[in-house]
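Data block below; observations after.
The values are calculated or read from the model by the stated rules, or taken from the named source; none is laboratory data. The model shown is predicted, which means the values in this text are computed figures rather than measured ones. Using ideal geometry, Cβ is built from the backbone for each residue, glycine included, and neighbour counts are taken over all protein chains shown.
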Amino acid sequence: MTRSILWRVRFLLVAAACAGSLGAAAVCRAQVPGNSDTPGEMQDLNRRSAMQQIAKDQNEENQAYEDFRKVSSEDVDKKIKAGQSFLGKYPRSSYAEQVEVVLTNAYYAKQDWPDFYESADKALALKPNDVDVLVTVGWVIPHVYNPQDPNAGKLLEKAETYEKEAIPVIAAMPKPEGMNNSQFSDFKVQKANEAHSALGLIYFRRGDYANSVTELQQATQNTLNPDQTDLFVLATSLESLKRSAEAAQTYDRCGQMDGPLQQPCKQGEAKAKQQSAQAK
């Protein structure tokens, strides 16, 4: 027989054997001309399969994050549950830091301070220079300060560190897309004021009235709507430094604002004016 005839006979014999034996499928593919799977072809097949699985998993993760985002932040408990569920399923997700930030805000709304601090720590572990988290945690600590807490001193130190880290980051941060120059400038001023506000209260808690005045003056002088608490603490610090005239002016500014400290500010103004008059 010629070589071509021998080749055809071999092909038919192999095909017949394969047709009668499902278990020999892999062997048959290697023997039937045109059906051989080389190592390179198998690697390509495995690679494509792996890429398809990765794409599928990523799509599922993206959808899960979108589902989390769609939960209203006003429904705090539902938002927390959705965030915890997402992180439980995708603990190493690229969205993890964003979810932790949302949880931090949710716990803040509930005034659940242990979980608030825990989520904030997790968020900062993923993104150490997150300005919103640094400023918020540093602001909360001196406002919920309990001198009887054995960790009170360490918490104030933590708050001070956070705010001092945040201030240069705020100054150097690039303008986000979708925000015009005016909006960006207002945002930076607001965040910087919050940081100085927190530092002012931290120093006040320590009885460091001189530094408290310095920080609170920065927090209140560049805004038309200063925080009433900042003005009250600033006036009290000025009074403690025997700067009665300045204290009276600050108490007056505080007393002109509606809020829970309006009456104490008016009383403080009268007292500071009397002290200023006696000092002359």
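Points worth noting:
- Total residues in segment 222-252 satisfying the condition of being in a helix (DSSP H, G or I), more than 34 Å from the chain's Cα centre (by Cα) and closer than 20 Å to Ala210 by Cβ: the figure is 11.
- Selection count, segment 189-227, where residues are surrounded by fewer than 16 Cβ atoms within 10 Å (Cβ to Cβ), among the charged types (D, E, K, R) and touching a residue at least 12 places away in the same chain (Cβ under 8 Å): 1
- Residue in segment 265-280 that is in contact with a Phe, Trp or Tyr (Cβ under 6 Å, 6 or more places away or on another chain), among the acidic types (Asp, Glu) and in contact (Cβ under 8 Å) with a residue 12 or more places away in the chain present: yes
- Subset of segment 127-165 [polar (S, T, N, Q) and either assigned to a helix (DSSP H, G or I) or within 16 Å of Gly200 (Cβ to Cβ) (or both)]: Thr136, Thr161
- Residues that are farther than 21 Å from Ala125 by Cβ and at pLDDT below 95 were ranked within segment 73-101; the one that is surrounded by the fewest Cβ atoms within 10 Å (Cβ to Cβ) is Glu74.
- Criterion (buried (at least 17 other Cβ atoms within 10 Å of the Cβ) and either over 14 Å from the mean Cα position of the chain (by Cα) or of a type outside the set (A, V, I, L, M, F, W, C) (or both)) met by exactly one of Lys122, Lys127: Lys122
- Residue tally, condition free of Cβ contacts under 8 Å to residues at least 24 places away in the same chain and out of contact with any Ser or Thr (no Cβ under 9 Å at 6 or more places or on another chain), over segment 78-91: 6
- Boolean, Glu157 is surrounded by 15 or more Cβ atoms within 10 Å (Cβ to Cβ), acidic (Asp, Glu) and either within 22 Å of Tyr65 (Cβ to Cβ) or at pLDDT 95 or above (or both): no
- Boolean, Pro176 is part of a loop (DSSP other than H, G, I, E, B), without any contact (Cβ under 8 Å) to a residue 60 or more places away in the chain and within 24 Å of Asp132 (Cβ to Cβ): yes
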